[in-house]
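**Student:** Structure below; questions to follow.
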Amino acid sequence: MKRLPIGILGSGKGSNCRAILERIRSGDLAAEARVVISDVFDAPILDIAREFSIPNAYLAPGQFRTRLTPAAEGQLVEMLREAGVQLVVLAGFMRVLHAPMLQAFPQRIINIHPSLLPRFPGLEAWKQALAAGESVTGCTVHFIDEKIDHGQIIARQEVAILPNDTPETLHARIQIAERELYPAAIAKFCEKYPASNV
Ligand code: GAR
């Protein structure tokens, strides 16, 4: 099967990116990482891309805190198109994307979030779940839309909240679940929407 060309965007430590690149390398995931892009100049996710010899780039986000400027978002579209990307994978990318990206890649941008959406969108979702006294939380892979951590759900995985959990222990277990769920969801996407030549 032809490998689906993907682009990975992230702002932080890149553990999901690493899990995806490892699955590609081991042959479990029929995708090809064409580029890794970060809005944070020294983000560890860019070091991971270099470690795996994947083309990588810093995208200057502009003056806003939670989104890209329209010019930066237009530049992002160009970078992804130039790399031939057919699926955009958000892996800890902490900015909300808007029309330029959503129009360029309709139903082709997916995100992972550390809660069972629609519960607890936004920052530090594991802390929100703990504070709400939940006994179960988890992680969700979903298509994105213009709202934060919102859009059609693709897959979810539950994680039990233990009585002695701290934010750190809970987050660590959710991240272990993420590293299983995300590559598996991308693999299913690759089967359902094989790479096209256009
Ligand atoms: C992940 O836990 C992901 O679910 C979260 O950022 C983390 C990135 O970790 N994303 C969000 O909260 C999106 N709202 P990583 O850089 O180690 O993959």
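**Student:** Students often forget the sequence filter, so: which lysines lie under 18 Å Cα-Cα from Lys188 once same-chain residues fewer than 8 apart are removed?
**Tutor:** Lys2
**Student:** Take the alpha carbon gyration tensor of segment 22-117, find the square roots of its eigenvalues, order them as a ≥ b ≥ c, and report rounded if a/c is under 1.5; if not, report prolate when a/b exceeds b/c, else oblate. Before the final figure, lay out each step's value.
**Tutor:** Values: a/c = 1.44, a/b = 1.34, b/c = 1.08.
Since a/c stays below 1.5, the shape of segment 22-117 is classed as rounded.
**Student:** Using only Cα atoms and rounding to the nearest 10 degrees, what angle (0 to 90) does helix 167-192 make with the longest principal axis of the chain?
**Tutor:** Once rounded, the angle reads 40 degrees.
**Student:** Charges at C-beta only: +1 for Lys and Arg, -1 for Asp and Glu. How large is the resulting dipole of segment 107-160 about its Cα centre, in Debye rounded to 20?
**Tutor:** Magnitude of the dipole: close to 60 debye.
**Student:** Under 23 Å between alpha carbons, and skipping anything fewer than 8 positions from Lys127 in its own chain: which lysines qualify?
**Tutor:** Lys13, Lys147
**Student:** Remind me, relative contact order of segment 141-198 in percent, using alpha carbon pairs under 8 angstrom and six or more residues apart?
**Tutor:** Details: 33 pairs, mean separation 16.6, N = 58.
Result for segment 141-198 is 29 percent.
**Student:** Of Phe41, Phe189, how do they rank once you tally other Cβ atoms within 10 Å and put the fewest first? Before the final figure, lay out each step's value.
**Tutor:** Working: Phe41 9, Phe189 22.
Going from sparsest to densest Cβ surroundings: Phe41, Phe189.
**Student:** Once the other residues with Cβ under 10 Å from the Cβ of Phe120 are scored (Lys, Arg +1; Asp, Glu -1), what is the net sum? Let's see the in-between values first.
**Tutor:** Details: positive: Arg119, Lys127; negative: Glu124, Glu134, Asp149.
Summing Lys/Arg as +1 and Asp/Glu as -1 gives -1.
**Student:** For segment 92-198, what is the relative contact order in percent, using Cα pairs closer than 8 Å and at least 6 residues apart in sequence?
**Tutor:** 25 percent
**Student:** What percent do you get for the relative contact order of the chain when only Cα pairs under 8 Å and 6+ apart count?
**Tutor:** 22 percent
**Student:** Right, next: Quick check on packing: order 52-61, 104-113 by the mean number of other C-beta atoms within 10 Å, highest mean leading.
**Tutor:** 104-113, 52-61
**Student:** Then there's this: Can you tell me how segment 91-177 classifies by the Cα gyration tensor, rounded, prolate or oblate, using a/c under 1.5 as the rounded cut?
**Tutor:** prolate
**Student:** Put +1 on the Cβ of each Lys and Arg and -1 on the Cβ of each Asp and Glu in the chain; which of Ala91, Gln63, Val35 then has its Cα farthest toward the positive end of the dipole?
**Tutor:** Result: Val35, furthest along the dipole toward the positive end.
**Student:** Quick one: dipole size for segment 22-90, taken about the Cα centre, charges +1 on Lys/Arg Cβ and -1 on Asp/Glu Cβ, in debye to the nearest 20.
**Tutor:** Charge dipole of segment 22-90: 140 debye, to the nearest 20.
**Student:** Tilt of helix 15-25 relative to the longest C-alpha principal axis of the chain, in degrees (0 to 90, nearest 10)?
**Tutor:** 50 degrees
**Student:** Find out how many positive minus negative residues lie around Ile24, taking Lys and Arg as positive, Asp and Glu as negative, among other residues whose Cβ is under 12 Å from that of Ile24.
**Tutor:** On the way: positive: Arg3, Arg18, Arg23, Arg25, Arg34; negative: Glu22, Asp28, Glu32.
Result for the local shell: +2.
**Student:** If packing is taken as the average count of other Cβ atoms within 10 Å, what order do 42-49, 136-143 fall into, highest mean first?
**Tutor:** On the way: 42-49: 19.5, 136-143: 22.2.
Result, highest mean first: 136-143, 42-49.
**Student:** Could you pull the Cα extents of the chain along its three principal axes, largest to smallest, in whole Å?
**Tutor:** For the chain, the Cα extents along the three principal axes come out at 50, 41, 31 Å.
**Student:** If you place +1 on the Cβ of every Lys and Arg and -1 on the Cβ of every Asp and Glu, how big does the dipole about the Cα centre of the chain come out, in debye to the nearest 20?
**Tutor:** For the chain, the charge dipole is close to 340 debye.
**Student:** Of the options Pro163, Ala187, His142, report the single residue whose Cα projects farthest towards the positive end of the charge dipole of segment 131-198 (beta-carbon charges: Lys, Arg +1; Asp, Glu -1).
**Tutor:** The one lying farthest along the dipole's positive direction is Ala187.
Each reported figure results from applying straightforward, stated rules to the coordinates on display, with no laboratory input. Nothing here was measured: the structure is a model prediction, and the numbers come from that model. Reconstructed Cβ throughout: ideal geometry from the backbone, glycine too, with neighbour counts over all protein chains shown.
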